[in-house]
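Everything on this sheet refers to the single structure shown next.
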Amino acid sequence: MSTLYSYFRSSAAYRVRIALNLKGLDYDTVPVHLVRDGGEQLKPAYRALNVNALVPTFVDGDVNIHQSLAIIEYLEDVHPTPALLPADPVARAQVRALALDIAADIHPIDNLRVLRFLKHDMGVTEEQKNAWYVHWIVEGFTALEARLAAQKAPGKFVLGDTPTLADCCLIPQIYNARRFKVDLTPYPRIAAIDAHCATLEAFQRAAPEAQPDAE
Ligand SMILES: N[C@@H](CCC(=O)N[C@@H](CS)C(=O)NCC(=O)O)C(=O)O
């Protein structure tokens, strides 16, 4: 059985948990506490698995893959059905682009180590740190909502009526937005996709509160 090194609140690990569940794949969870004792991700034992000191890491026998999107694309290659990327090249590129809007352009600037650096090394206040966090979500969600609103045939998910890599990225980012009390009313399409995904078992089982290390 494969193992996912995860943290219940990690949105990057949450993406992979959704993908594993959508594909019906069993896995073991090894929690890596990102806060306790200065952060278990920074300890030698975890760095030996993933020198980046970030979760998730996916391990299956000799296979060790880091980066949530690379893990999901690996799962897609090895277990192609149900597909998380459309077959059509244009739709495939669009799904990847929407996933990257979140995973490359919103999430990294709001990551824990960035927030820690802002607070402890740059001397910003807690309020300024939170304003930074919310700012990048609002920027990203405003653009994403505009893209979703412009779709000619809006579906239940980010693109169409089946869940894709883009939904695996969006739902955890919405969880983060709620944690930081971002008002979601300006984003009705995003909120509708979230509401629909919340009815599905694969998303429910991947949620932070359903994890063995949930606090
Ligand atoms: N691009 C990476 C991001 C991984 C990442 O930033 N993980 C966060 C949790 S969501 C983390 O481990 N943060 C620990 C830290 O910042 O020290 C991926 O998609 O896997």
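Read-outs: derived from the displayed coordinates by stated rules, not from any lab. Because the structure is predicted, anything quoted here is derived from the model rather than measured. So basically every Cβ, Gly included, is an ideal-geometry build from the backbone, and we count neighbours across all protein chains shown.
How large is the charge dipole for the chain, taken about the Cα centre, if only the Cβ atoms of Lys, Arg (+1) and Asp, Glu (-1) carry charge, to the nearest 20 debye? Provide the component values of the computation, followed by the final result.
Numbers: 21 positive and 26 negative charges, 66 e Å.
The dipole magnitude comes to about 320 debye.
With contacts taken as Cα pairs under 8 Å at a separation of at least 6 residues, the chain carries a relative contact order of 27 percent.
Contact order normalised by length for the stretch 15-122, with contacts defined as Cα pairs under 8 Å and 6 or more residues apart; what percent is it?
Reported as a whole number, the value is 18 percent.
Chymotrypsin sites (Phe, Trp or Tyr not before Pro), restricted to the stretch 61-143: which are DSSP loop and have at most 14 other Cβ atoms within 10 Å? It would help to have the intermediate numbers written out before the result.
Working: sites: Y74, F117, W132, Y133, W136, F141; in loops: none.
For chymotrypsin sites (Phe, Trp or Tyr not before Pro) across the stretch 61-143 that sit outside H, G, I, E and B with at most 14 neighbouring Cβ atoms in 10 Å, the list is empty.
Taking a spot 7 Å from the Cα of H196 along the direction of its beta carbon, which residues of the stretch 135-152 have an amide N less than 20 Å from it? Answer for this model: 141-152. Evaluated over the Cα positions of the chain, the convex hull gives a direction-averaged projected area, one quarter of its surface, of 12.0 nm². Between the stretch 73-133 and the stretch 163-210, the C-alpha centres lie 14 angstrom from each other. Based on the reciprocal of the average 1/r between different C-alpha atoms, the Kirkwood radius for the stretch 86-144 equals 12.8 Å. One chain, two ends: I109 and A48. Fully extended at 0.36 nm per residue, the span grows by 19.5 nm beyond their Cα-Cα distance. Per-peptide packing, taken as the mean over residues of other Cβ atoms within 10 Å, places 171-178, 16-23, 60-67 in the sequence 16-23, 171-178, 60-67 from highest down.
Inverting the pair-averaged 1/r between distinct Cα atoms of the stretch 117-183 gives 13.7 Å as its Kirkwood hydrodynamic radius. Label sites at A87 and R116, each approximated as a point 7 angstrom past Cα along Cα to Cβ, lie 4.6 nm apart.
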